[in-house]
Amino acid sequence: METNQPIRILFVEDVPADVELAVRVLRQEELAFTFTRVETKAAFLKALEEFQPDLIISDYAMPAFDGMQALKLLLERDLTLPFILLTGSLNEEIAVACMKAGASDYVLKDRLKQLPFAVREALEQKKTRLAKAETERALGESEQRFRSLIENASDLIVILNPD
């Protein structure tokens, strides 16, 4: 992120110790962030509105609420917010399903050192997607202005091709 504001990370995790480990690894890599942890659907929806995270890091499997449910709820509200699965076990088939469903990345808990890279990469991808959307919006406006100019011109406009 280009601002000096710390990143807001929402952890969807039922084990507080797992969040503490992830926070420690992220702080070691000198990421500036604030965070909150939720473990229920209601708390997740409330945090999306009130905490307004820049990134979500979610466990895949929890007793009452899981990562795929969180991802689905997120995508109904915001297609640009990065979502990283942080899980203890994830087979290749589930990992592919998560990525196809819209997750930005996944990190295994026994490879926690990869989390800072995944966070930075997910935020960079978000920035790129937003810049692309802004460019496409500006291009559409420019095309519309040009089209309007041509359609409403009372003068004869001739475009010559030198060939």
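The values are calculated or read from the model by the stated rules, or taken from the named source; none is laboratory data. All of these numbers come straight from a predicted model, not from anything done at the bench. With ideal geometry, Cβ positions are generated from the backbone for all residues, glycine too; neighbour counts draw on all protein chains shown. Each accessible area value is taken on the protein alone, full model and side chains, heavy atoms only, with ligands, DNA and RNA left out. Shrake-Rupley method; radii C 1.70, N 1.55, O 1.52, S 1.80 Å.
Assorted remarks:
- Carbon plus sulfur fraction of accessible area for the chain, probe 1.4 Å, in percent: 52
- With DNA, RNA and ligands ignored, accessible area of residue 8 (1.4 Å probe; Å², nearest 10): 80
- Helical contribution to [θ] at 222 nm, DSSP H n ≥ 4, -39,500 (n - 2.57), averaged over the chain, rounded to 500: -17000 deg cm²/dmol
- Cut-off under 5 Å, modelled amide H: who pairs with residue 86 long-range: 58, 59, 60, 107
- Note on the chain: GNM, Cα springs under 10 Å; of 86, 21, 71, the largest mean-square fluctuation is that of 21.
- Take 107-116, 58-67 and order them by the average number of nearby Cβ atoms within 10 Å per residue, most first; the result is 58-67, 107-116.
- Segment 57-70 - phi-based ³J(HN,Hα) in whole Hz, Karplus 6.51/-1.76/1.60, Gly and Pro as x: 10, 10, 5, 7, 10, 9, x, 9, 8, 10, x, 5, 5, 4
- Probe 1.4 Å, accessible area per residue of segment 19-132, Å²: 56
- For segment 103-113, 3J(HN,Hα) per residue [Karplus equation, 6.51 cos²θ - 1.76 cosθ + 1.60, θ = phi - 60°, Hz, x = Gly/Pro]: 5, 6, 6, 9, 9, 7, 4, 7, 10, 4, 4
- Under Karplus coefficients 6.51, -1.76 and 1.60, residue-wise ³J(HN,Hα) of segment 121-133 in Hz, glycine/proline x: 5, 5, 5, 5, 4, 4, 4, 5, 4, 5, 5, 5, 5
- Listed by chain and number, the lysines whose alpha-carbon sits under 20 Å from that of residue 46, ignoring those within fewer than 8 places in the same chain, are 72.
- 45, 81, ranked by accessible area, largest first (probe 1.4 Å): 45, 81
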